[in-house]
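Chemist: I'd like to ask some things about the structure below.
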Amino acid sequence: MIVSEGFDKGQAGIIGTGFFFAYGAGQFVNGFLGDRISVKKMVFSGLFFSGLCNLLMAAGNGIGFMTAVWCVNGLVQSMIWSPMLRLVSEHCQDENRQKVCAALNSSVPAGTMAAYGITAVMLMYAGWRHVFLMAGGYLLAVSFVWLCGMRQVEKEPIRPAEKRFRKQRTKGRKEPDTVKLFVCLLVVLFMQGALKDSVTVWVSVYIRETYGVSAVLAIAGTIIIPLCNLSGVFFASKAGSGRMDEVKASGVFFAVCTAALTVLWGISGTGMPVSFGMLALSTTAMMAVNTLLIVALPSWYGAVGRTSSVSGLLNSAVYAGGALSTYGIGWLAEKAGWKSTILVWACMAAASVILCGMAAGRWRACRQKLQETKEELKVDGNV
């Protein structure tokens with residue numbers, strides 16, 4: 001958006017990198033706090049202060065000021081996601097939780113699609129500052145809607161198993177040993193974040209520079225990508241509920257992403273519709289991975305009262321990858337061109353297929369232990 005208003009790709013990349021670093025660091029901390037502090041207060045604070053940050057961006061000038069404000073925005077937005085997963089874990093029955101998690105994650109591409117469309121229209125008629133003004137006002141309004149909605153949610157009882165584990169947290173219940181598993185998952189999710197966010201951030205610039213279309217048309221055209229991403233949530237929910245577990249299914253989606261990016265590398269610059277299709281397919285696959293590893297996998301840890309903590313830890317790796325790639329891809333595209341950039345994307349996806357294969361067996365064993373813990377809690381409390 002701001003690339004079309006006089007900032008070069010490196011400067012725009014710095015602002016995006018600052019946001020992703022701050023969000024990733026905030027996820028690490030706020031995921032831990034999300035298992036211990038009121039969900040209502042954390043999410044409200046994140047929405048409210050993010051709204052203020054958007055209003056400041058609308059009034060801001062200079063790369064330094066805008067980067068600082070967007071970093072603060074990343075920190076406060078990180079207070080939202082992981083606590084919301086805890087809320088789902090506490091109030092949804094096992095048979096409904098996966099559907100609720102998928103519906104929750106579908107809000108990401110739906111919101112992105114709306115943002116692309118509204119941004120394109122407002123750039124055409126008003127300018128980029130009005131985009132931030134509108135976003136800021138919307139977030140402030142939603143923060144108070146959240147408070148009203150939570151008054152009803154708080155009347156619903158917490159699931160007995162969840163409440164009981166929180167009371168027993170210090171009684172020495174042994175949790176699964178997941179160190180080696182999480183090392184693999186963190187590397188995989190670093191790659192996933194680098195792919196998903198760098199493609200999403202730079203797709204409109206790639207289309208504009210490769211095919212010579214206007215900034216408004218490029219942004220409007222990219223609405224197809226988050227629209228397709230909604231199907232990624234659907235495919236992930238089907239894959240995760242079938243024979244494949246979350247990690248093995250993620251490996252399959254990384255393979256799809258590798259194939260799409262390889263085709264894009266081969267035809268880049270010769271066919272805009274096919275390029276759009278391959279970019280959409282790659283980000284759809286990454287949205288499926290996101291649903292499986294950031295939403296579905298952490299929900300298993302509700303059995304040990306760690307849903308928010310696990311989600312925050314894993315999500316921090318996603319946004320660390322997004323932070324480094326956002327600036328790195330801008331720099332690489334500037335120096336080496338988009339053809340080389342697409343090749344790097346394809347190699348990252350291929351490496352992730354291998355990493356998922358390495359982690360799949362460990363996750364199956366860990367998931368079995370978590371299931372056994374859940375059954376023990378049910379027996380202990382006659383749930």
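Chemist: Here's a check for you: in region 138-159, which residue that is surrounded by 14 or more Cβ atoms within 10 Å (Cβ to Cβ) and assigned to a helix (DSSP H, G or I) is modelled with the lowest pLDDT?
Modeler: By that ranking, first place goes to 150.
Chemist: Identify, by number, the condition in (1) under 28 Å from residue 79 (Cβ atoms); (2) over 13 Å from the mean Cα position of the chain (by Cα); (3) of a type in the set (S, T, N, Q); (4) crowded, with 24+ Cβ neighbours inside 10 Å that residue 352 doesn't meet.
Modeler: Residue 352 satisfies every listed condition except (1).
Chemist: Quick one: what pairs do we get from region 114-143, first residue in contact (Cβ under 8 Å) with a residue 60 or more places away in the chain, second part of a helix (DSSP H, G or I) and hydroxyl-bearing (Ser, Thr, Tyr), C-beta under 6 Å, 6+ apart or different chains?
Modeler: Here the result reads 131/119; 139/50, each pair linking region 114-143 to a residue that is part of a helix (DSSP H, G or I) and hydroxyl-bearing (Ser, Thr, Tyr).
Chemist: Sort through 262, 283, 291, 200 and tell me the only one that's modelled with pLDDT under 85 and part of a helix (DSSP H, G or I).
Modeler: Of 262, 283, 291, 200, the one residue that is modelled with pLDDT under 85 and part of a helix (DSSP H, G or I) is 200.
Chemist: Now for a different question. Taking the stated definitions as given, is residue 296 of a type in the set (Gly, Ala, Ser), out of contact with any His (no Cβ under 6 Å at 6 or more places or on another chain) and over 26 Å from residue 31 (Cα atoms)?
Modeler: Judged against the criteria, residue 296 is not a match.
Conditions tested, residue by residue: (1) assigned to a helix (DSSP H, G or I); (2) hydroxyl-bearing (Ser, Thr, Tyr); (3) within 20 Å of residue 211 (Cβ to Cβ).
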site: 311; (1), (2), (3): yes, yes, no
site: 317; (1), (2), (3): yes, no, no
site: 321; (1), (2), (3): yes, no, no
site: 325; (1), (2), (3): yes, yes, no
site: 341; (1), (2), (3): yes, yes, yes
site: 345; (1), (2), (3): yes, no, yes
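Chemist: Could you list, in sequence order, all residues of region 178-200 that are surrounded by fewer than 21 Cβ atoms within 10 Å (Cβ to Cβ) and either in contact with an Asp or Glu (Cβ under 7 Å, 6 or more places away or on another chain) or among the β-branched types (Val, Ile, Thr) (or both)?
Modeler: Passing the criteria: 178, 179, 183, 187.
Chemist: Going residue by residue through region 216-236, is there one that turns out to be in contact with a Lys or Arg (Cβ under 7 Å, 6 or more places away or on another chain) and either in contact (Cβ under 8 Å) with a residue 40 or more places away in the chain or among the aromatic types (Phe, Trp, Tyr) (or both)?
Modeler: Within region 216-236, none of the residues are in contact with a Lys or Arg (Cβ under 7 Å, 6 or more places away or on another chain) and either in contact (Cβ under 8 Å) with a residue 40 or more places away in the chain or among the aromatic types (Phe, Trp, Tyr) (or both).
The values are calculated or read from the model by the stated rules, or taken from the named source; none is laboratory data. Because the structure is a prediction, the values reported are computed rather than measured. Every residue, glycine as well, gets a Cβ built from its backbone with ideal geometry; the counts of neighbours run over all protein chains shown.
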